[in-house]
Amino acid sequence: MQSSASLQIVADWITNCRKIAVLTGAGISAESGVPTFRSSQPRISQSDRGEGASENSPTPLWEKYDPSELACAQGFLKHPELVWQWYDWRRRLVEGVEPNAGHLALAQIEKLIAPRPVTIITQNVDRLHHRAGSQNILELHGNIISFRCFDHGHQASEVPYNLLEPPLCNPPHCNSKLRPNVVWFGESLDPTTLEASMKAARQCDLFIVIGTSALVQPAISLPYVAEGNGAKLVEINIERTPLSDHVDVFLSGKSGTVLPSIVDLAKAHGGAL
Ligand code: BV8
């Protein structure tokens, strides 16, 4: 568990800073029951497999693939049914879970230091920061609850669950297969979202990195942009990452435990909530 001294230092930085930017990864949603990318896909229960699956139905095919093989255009073109079913399973899973104490603590910090801004820059596609009440969120890699067509990007709504293959972009549009509104490996990020993230990193004086293995670009260049502009860097993770040697304070522990402790200390610091 983390020394209270380091927690106090970070709590003081939060209550005295001008602008905060936060980069989150799959680790912050792990305590809600959302599998991380690096942790092998857990054995999923019967209910997760949707109606059609029976007790002895085979292990879902996607468990045999490295997520980055499925989270890319080539994967979708090669295995449209498999990739569609993987995202359908993930969509049903994230809509069946709740934000955890880590997500809620970040929403509290936003209220605590208002009107000073807290910008949440997330790699997650699960919308749990939104559901936790955070207001200022940048979804670097999109989200899995909205869809567009593969060929022309026509936005689609009301997409049913449990479909075994990608539905088509409804006429009179173009009949192309629908895909989730996520950024796949090999695809460029939305330029507006990326520029807003870079701006938040350049302008903040405190940058907090939570629950990411710090391997995916360009997301992981953001803390270095902040560091280059004089911001203090804090990392929260259950294990060290390639970024850990660069941060001012490394807080070892689960974000669902460490973040609420920091909020309590910041509140005790007499910050009005
Ligand atoms: C691009 C959406 C232009 C889809 C995702 C430069 C060098 C090398 C490679 C590249 C490069 N530039 C580009 C690349 C290629 C690639 C890349 O970075 N590859 C990596 C793997 C080397 N980047 C791209 O393709 C990007 N596009 O750059 O376009 C271009 C294109 C080609 C070539 C040049 C330029 C697009 C990247 C976005 C891909 N889409 N997601 C979907 O979700 O299905 S990425 C996806 O994986 C996530 O969004 C996230 O970003 C990443 C997973 O990482 P994490 O979130 O960190 O999760 P992970 O499981 O790895 O780690 C969890 C961590 O939490 C661990 O550290 C664990 O210890 C910790 N933890 C666990 N529990 C807790 C905890 N911590 C605290 N509390 C807990 N309870």
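How many residues are buried (at least 22 other Cβ atoms within 10 Å of the Cβ) and small (Gly, Ala, Ser) when one looks only at the stretch 108-131?
Residues flagged as buried (at least 22 other Cβ atoms within 10 Å of the Cβ) and small (Gly, Ala, Ser) within the stretch 108-131 amount to 0.
If the requirement is being open to solvent by less than 10 Å² (accessible area, probe 1.4 Å), in contact with a helix residue (DSSP H, G or I) (Cβ under 9 Å, 6 or more places away or on another chain) and not aromatic (Phe, Trp, Tyr), which of these qualifies: Val258, Val225, Val247?
On the way: Val225 fails: open to solvent by less than 10 Å² (accessible area, probe 1.4 Å); Val247 fails: open to solvent by less than 10 Å² (accessible area, probe 1.4 Å).
Of Val258, Val225, Val247, the one residue that is open to solvent by less than 10 Å² (accessible area, probe 1.4 Å), in contact with a helix residue (DSSP H, G or I) (Cβ under 9 Å, 6 or more places away or on another chain) and not aromatic (Phe, Trp, Tyr) is Val258.
So Asn143 clears everything in (1) at pLDDT 95 or above; (2) part of a loop (DSSP other than H, G, I, E, B); (3) of a type in the set (S, T, N, Q) except one condition, right? Which one?
(2)
Restricting to the stretch 98-130, and then to whatever is farther than 17 Å from Cys204 by Cα and of a type in the set (A, V, I, L, M), can you tell me which residue is nearest to the ligand (Cβ to nearest atom)?
Once the filter is applied, the top-ranked residue is Val125.
Hey, can you tell me all the residues within the stretch 23-40 that are near the ligand (Cβ under 9 Å from one of its atoms), modelled with pLDDT of 95 or more, assigned to a loop (DSSP other than H, G, I, E, B) and not charged (D, E, K, R)?
If we filter the stretch 23-40 for residues that are near the ligand (Cβ under 9 Å from one of its atoms), which is where we start, we get 24-31, 35-39.
With the extra rule that they be modelled with pLDDT of 95 or more, the set shrinks to 24-31.
From what is left, the residues that are assigned to a loop (DSSP other than H, G, I, E, B) are 25-26, 31.
Within the stretch 23-40, Gly25, Ala26 qualify.
Residues in the stretch 191-210: is at least one within 12 Å of the ligand (Cβ to nearest atom) and over 16 Å from the mean Cα position of the chain (by Cα)?
Yes, the stretch 191-210 contains at least one residue that is within 12 Å of the ligand (Cβ to nearest atom) and over 16 Å from the mean Cα position of the chain (by Cα).
Going by what's in this entry, would Ser197 be described as open to solvent by less than 20 Å² (accessible area, probe 1.4 Å) and farther than 23 Å from Trp184 by Cβ?
Values: open to solvent by less than 20 Å² (accessible area, probe 1.4 Å): yes; farther than 23 Å from Trp184 by Cβ: no.
Against the criterion (open to solvent by less than 20 Å² (accessible area, probe 1.4 Å) and farther than 23 Å from Trp184 by Cβ), Ser197 does not qualify.
When residues of the stretch 133-147 are filtered for being closer than 17 Å to Ala21 by Cβ and in contact with a Pro (Cβ under 8 Å, 6 or more places away or on another chain), how many remain? First the steps, then the outcome.
Initially, the stretch 133-147 is screened for residues closer than 17 Å to Ala21 by Cβ, giving 134-141.
Now restrict to residues that are in contact with a Pro (Cβ under 8 Å, 6 or more places away or on another chain): 136.
So the answer is 1.
The values are calculated or read from the model by the stated rules, or taken from the named source; none is laboratory data. Fair warning: this is a prediction, and the values are worked out from it, not measured in the lab. Virtual Cβ from ideal backbone geometry, glycine too; neighbours counted across all protein chains shown. For accessibility, only protein heavy atoms count, side chains too; no ligands or nucleic acids. Shrake-Rupley method; radii C 1.70, N 1.55, O 1.52, S 1.80 Å.
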